[in-house]
Amino acid sequence: MKDFFKYVLATIVGILVVSILCFVMTMVSLLGMTMQTTTKVPSKSVLVMKLNGTMSERSQDNPFASLMGGSDSENISLAQALKAIDIAKDNDKVKGIYIESGSISGAAPAMMEELRNKLLEFKKSGKFILAYGDSYSQGTYYVSSVADSVVINPQGMIEWMGLGGTVMYYKDLLDKVGIKANVFKVGTYKSAVEPYITNTMSDANREQITVYTSEIWKKMCEDIAKSRKQVSADKLNMLADSCITLADASEYLKSGMVDKMAYPDEVKHMIARYMDVSDPKDYNTISVADLANSAADKAKDPSGNIVAVYYASGDIVEDADNDPTSILSGDDQIVGKKVIKELEKIANDDDIKALVLRVNSPGGSAYASEQIWHQLMKVKEKKPVVVSMGGYAASGGYYISCPADWIVAEPTTITGSIGIFGMFFNGNELLEKKLGLKTYSVKTNEYADFGSSFLGLGLRDMTANESTHIQGYVNRGYELFTKRVADGRKKKQDYIKEIGEGRVWTGVHAKEIGLVDQLGGLDVAIAEAKKRAKVEECTVMNYPAEENMFTKLLDTATNSDSYADAKARELFGEYFEILIAAKSITGRNGVQAALPYTISFNL
């Protein structure tokens, strides 16, 4: 019997030792993988750009994704794609770009516009661009239209129907379950609260949606017509109205939307002809990620000068751990406490001569926005600050942009929305009448039980005095917001209130009314920052530093939400945003400087 226990114990110890050794070897191997930060670019290469999946400002690759079952779609990093195109333009080993189109979610029109403009710059090198799609969404067709040749599968489809935006209203649902929304706001166009208190769209909200969707659609049609001489902007509008989406692929060819119909194997031979080789086996392909990580972009400028590009992307929150919408959304976040620490380091780094703040945010916490504003003012005391607006820089996103010395936006950037709202949900009817939960309060003062809640829902109706105090708090927030903008833009506060009112503007309109200084992308903002810092040579460095694979693995091991979120977004598509909105109802409690609703374009 003693021998039995001895052998069992020895076996257990052996298994533990082997497991530990395997774990250590695996970690060492993965660490070795993270050290391989550069990729060698083979000769006769074509850059393959897959426009199919979810687009974000920066890479959000999940190291466990391939282990858990991959898919044809992927996470597309706009920053990585722009960088790869720049390298491809100057690298003699890269002869052209092959765009493989599909459907992209998560991309704002301005993000697609910036990618498209970078491809137009690439074309000046004389190298080719070939685009192919089994199907094109409106956004990927818009980008692909820059190509020398646009090809579609003979059984393929181009989704071309115009832009539309849908706002979902929750009031009837809230009434049925016994939840009441107490709303406080400043701004005629600040329509974030509408879905919770009414069943119909206000005239002001309908007006602003009509204006910005029409402007963006017009810009898309004009850009495509400029690249594709065969089809005018007016004809593109006519084709959208003719339901060409459901037409035979030959109709796309007749209309001038595409140049050729071909199957994937035939496209490989088309690329070979562009590459001036006889067989597809005679050319190499390289991915966006690999080219972005190639040695061609690793050299540091000998001057030692640095222009920092700080990416502020996602909802603005005070603390990620306390944000109730962070678990399911899967999006980036601008975490106030974290951003402030990082901006302080940038301010105190003498090698950093200027800061470019890259903003892609619909806003969020008014309090966190004010704290970030304050820290940016401290950075400004030491070095120039230039803002580059991405897809969105609205409400709180504009709040953190307004202190900049110079603001650059794309024509289709969604910005403005200068307004404040507060929303507090009362669940008294749900808890008492529907669930049978009763509460009693004992208090020493009138407001002692104000804010008492269960699962984020207030336990009683607000009193008239409480409502008055909250509205006063919101009003003061709006006064402060408009003052910050007025000071930053060097305008009178009354003028900012006039163009504010929570109204959403495109970049083009924002420039006309003085909220933006210049139209353009990140490159334009960097050039302006160098000019203001009076440096001709510098190294452009991105902040915060992206995590390497080893760090991501450790993070993913303790939190698998990001991978699940990506799969959910891929599965539900546009309906994913509805799930997020429904989940975040109680997360809307408090005072917010955020976009009036979740803006989702059918790109």
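Side notes on the structure shown:
- Checking C402 against (1) in contact with a Gly (Cβ under 9 Å, 6 or more places away or on another chain); (2) part of a loop (DSSP other than H, G, I, E, B); (3) farther than 27 Å from M541 by Cα; (4) not β-branched (V, I, T), the condition it does not meet: (3)
- Meets criteria (crowded, with 17+ Cβ neighbours inside 10 Å and assigned by TED's automatic domain parsing to the domain that holds V504) for F454: no
- Applying the set (1) among the hydrophobic types (A, V, I, L, M, F, W, C); (2) over 26 Å from K337 (Cα atoms); (3) within 32 Å of the chain's Cα centre (by Cα) to M462 leaves exactly one unmet item: (3).
- Note on region 405-420: residues that are assigned to a loop (DSSP other than H, G, I, E, B) and surrounded by fewer than 24 Cβ atoms within 10 Å (Cβ to Cβ) total 2.
- Condition broken by M423, with the remaining ones in (1) assigned to a strand (DSSP E or B); (2) more than 24 Å from V183 (Cα to Cα) satisfied: (2)
- Of all residue pairs spaced 6 or more apart or on separate chains, those with beta-carbon atoms under 7 Å, a first member in region 467-478 that is under 16 Å from G419 (Cβ atoms) and a second member that is part of a helix (DSSP H, G or I) are G477/A366.
- Subset tally (residues that are without any contact (Cβ under 8 Å) to a residue 40 or more places away in the chain and surrounded by 18 or more Cβ atoms within 10 Å (Cβ to Cβ)) for region 218-252: 3
- Complete set of residues in region 163-211 that are within 30 Å of E100 (Cβ to Cβ) and crowded, with 16+ Cβ neighbours inside 10 Å: L163
- Within region 369-418, the set of residues being under 17 Å from L343 (Cα atoms) and among the aliphatic types (A, V, I, L, M) comprises I372, L376, M377, V379, V385, V386, V387, I400, A404.
The values are calculated or read from the model by the stated rules, or taken from the named source; none is laboratory data. On a predicted model such as this, the values are computed, not experimentally measured, just so you know. As a convention, Cβ positions derive from the backbone with ideal geometry for all residues, glycine included, and neighbour counts pool all protein chains shown.
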